[in-house]
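Readers should treat all values here as calculations from the given coordinates under stated rules, not as data from a laboratory. Values in this document were obtained by computation on a predicted structure and should not be read as measured data. Cβ: placed from backbone, ideal geometry, glycine included. Neighbour counts: every protein chain shown.
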C-alpha cells in the first residue's frame, strides 16, 4: 500500500495531505483524552500502535507470487474507535519513509489516508455492523480487521488510478489494474491479519467472556 | 492461557504464509510492482527522491527487524502485564479479608 516517494503529482500529494491532516489531529486529541480520562487504557493504546508497527513490518508471501504486508490498524479501531489509529498510522509511515525509503514524505498524506484513515474506519464500521447483525465476537473482530486491511489496499489502487488513469480505459480501468496487483495479493494477508487480531485481543483480555473483552481493553470496569 | 481457538487461528496464519511459499514464486513486493506500472508510463518522473535510503538490503532488513522487534516488545509487555494484573486481582479476591 505504500506509494513510493515522489510517485504522486504535486497536486495529488498536497490534496491527500490536506484530506488526512484533520484526521491525524483529531486522532491526537482523542489519544490525549483517553490518556487523561482512562489511564487504565494506556497499555492497550500502546499495544494497538505496536501491533500496527509489527504487522506493517512483516512482508508476507501471497498466492499471487508476490509479497505484501498487513497493516494492523483494525485492533485499535475496534477497541478505541477509528480516530486514534490516524496518529498511530502516521508514526508507522514516518518510520518507514525516513529509515526504509518505504513510502515517502510527499506520499505521506496519501498513504496515511489509505492505511490510517480508510482502513480503521472500515474496520470500525464492520465491527459495529457485525455486532448489530448479532455475529459472534470472534467473527466480528475477524471480519473488521480483514476488511479494514483490504480496504486500505483498494484505496491505494484508487489513489494511483486517480493520478495515473489508463489512456484507454480511464480511471476505472487503471483502478482495476492497480487493484489486481494490490487487492488480490492482499486477500490471504487480510485473512491472516483478521485471525491475528482475534488472537491478540484474546491474549490481551485474558479469561473473560467474549462480550466483555473490548470494554475491558478500552478501560471499562471488569 | 491461550484459548483453543487461538491455537487454531495461529495454525491458520502459519498455513497462509507457508502455502504460497511451497507453491513457489518470485515474491517481489506488490508496492514495487505498482511502482513499475507507474514508471512504465511515458514521461513519468518522480517529483521527489527519498531523503535517505538504506545503503544495502542488509541495512534495510535491519530496520525492518527493528520495527517488528519494537512492536512485538510492546505487545508482549502489554499481554504479560495484563495477565499479571489479573492474577494479582484474583489472589487478592481469594485471600480472606482480615
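Can you tell me the order of A:87-93, B:65-71, B:82-88 when each peptide is scored by its average per-residue count of other Cβ atoms within 10 angstrom, highest first?
Order by mean packing, descending: A:87-93, B:65-71, B:82-88.
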Requested in this report: Using only atoms on other chains, find how many Cβ atoms lie within 10 Å of each Cβ of peptide A:204-211 and report the average.
Outcome: 3
Report task. Treating the angle as unsigned and between 0 and 90°, give the value, to the nearest 10°, between the Cα long axis of helix A:119-132 and the longest Cα principal axis of chain A. Result -> 50 degrees
Report summary line: Taking a crude spin-label model, label points 7 Å out from Cα along the C-beta direction, the residue B:23 to residue A:25 distance in nm is 4.6 nm
Query raised in the report: To the nearest whole number, what is the average tally of beta carbon atoms from other chains within 10 Å of the beta carbons of peptide B:61-69?
Result: 5
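Can you tell me the length gained on complete extension of the stretch residue B:42 to residue B:15, counting 0.36 nm per residue apart and subtracting the Cα distance? Numbers along the way, then the final one.
On the way: separation 27, 0.36 × 27 = 9.72 nm, distance 4.11 nm.
Between residue B:42 and residue B:15, full extension yields an extra 5.6 nm.
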Report summary line: Where a ≥ b ≥ c are root eigenvalues of the Cα gyration tensor, a/c under 1.5 meaning rounded, otherwise prolate if a/b exceeds b/c and oblate otherwise, the stretch A:58-135 counts as oblate
Query raised in the report: Between the stretch B:38-98 and the stretch A:146-169, what's the alpha-carbon centroid distance in Å?
Result: 26 Å
Report summary line: Cα-based Rg/(2.2 N^0.38 Å) for the stretch A:10-217, rounded to two decimals, is 1.01
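Of the listed peptides A:4-10, A:107-113, what is their order by residue-averaged count of other C-beta atoms within 10 Å, with the highest listed first?
Top to bottom by mean Cβ count within 10 Å: A:107-113, A:4-10.
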Report summary line: For chain A, the longest principal axis of the Cα atoms and the Cα long axis of helix A:170-205 enclose an angle in degrees, to the nearest 10, of 20 degrees
Query raised in the report: What shape does the stretch A:6-77 have by the C-alpha gyration tensor, where a ≥ b ≥ c are the square roots of the eigenvalues, rounded means a/c under 1.5, and otherwise prolate means a/b greater than b/c and oblate the rest?
Result: oblate
Requested in this report: Provide the FRET efficiency to the nearest 0.05 for the residue B:3-residue A:132 pair, computing r from the beta carbons and using R0 = 30 Å.
Outcome: 0.75
Report task. Arrange the peptides A:24-30, B:49-55 so that the one whose residues have, on average, the most other Cβ atoms within 10 Å appears first. Result -> A:24-30, B:49-55
Query raised in the report: Average partner chain C-beta neighbours within 10 Å, per residue of A:188-198?
Result: 4
**Report entry** Three-way shape call for the stretch A:154-222 based on the alpha-carbon gyration tensor, with the a/c threshold at 1.5
**Finding:** prolate
Query raised in the report: Given the C-alpha centroids of the stretch A:20-48 and the stretch A:72-138, what is the distance between them in whole angstrom?
Result: 13 Å
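Of all the Cα-Cα pairs you can form in the stretch A:105-222, what percent are over 17 Å apart? Each step should come with its number before you reach the end.
Details: 4271 of 6903 pairs.
So the pairs more than 17 Å apart make up 62 percent of the total in the stretch A:105-222.
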Query - Cα long-axis angle, helix B:4-23 against chain B (0 to 90 degrees, to the nearest 10) - result: 20 degrees
Query raised in the report: With r defined as the distance between the Cβ atoms of residue A:18 and residue B:65 and R0 fixed at 30 Å, what FRET efficiency is calculated, to the nearest 0.05?
Result: 0.30
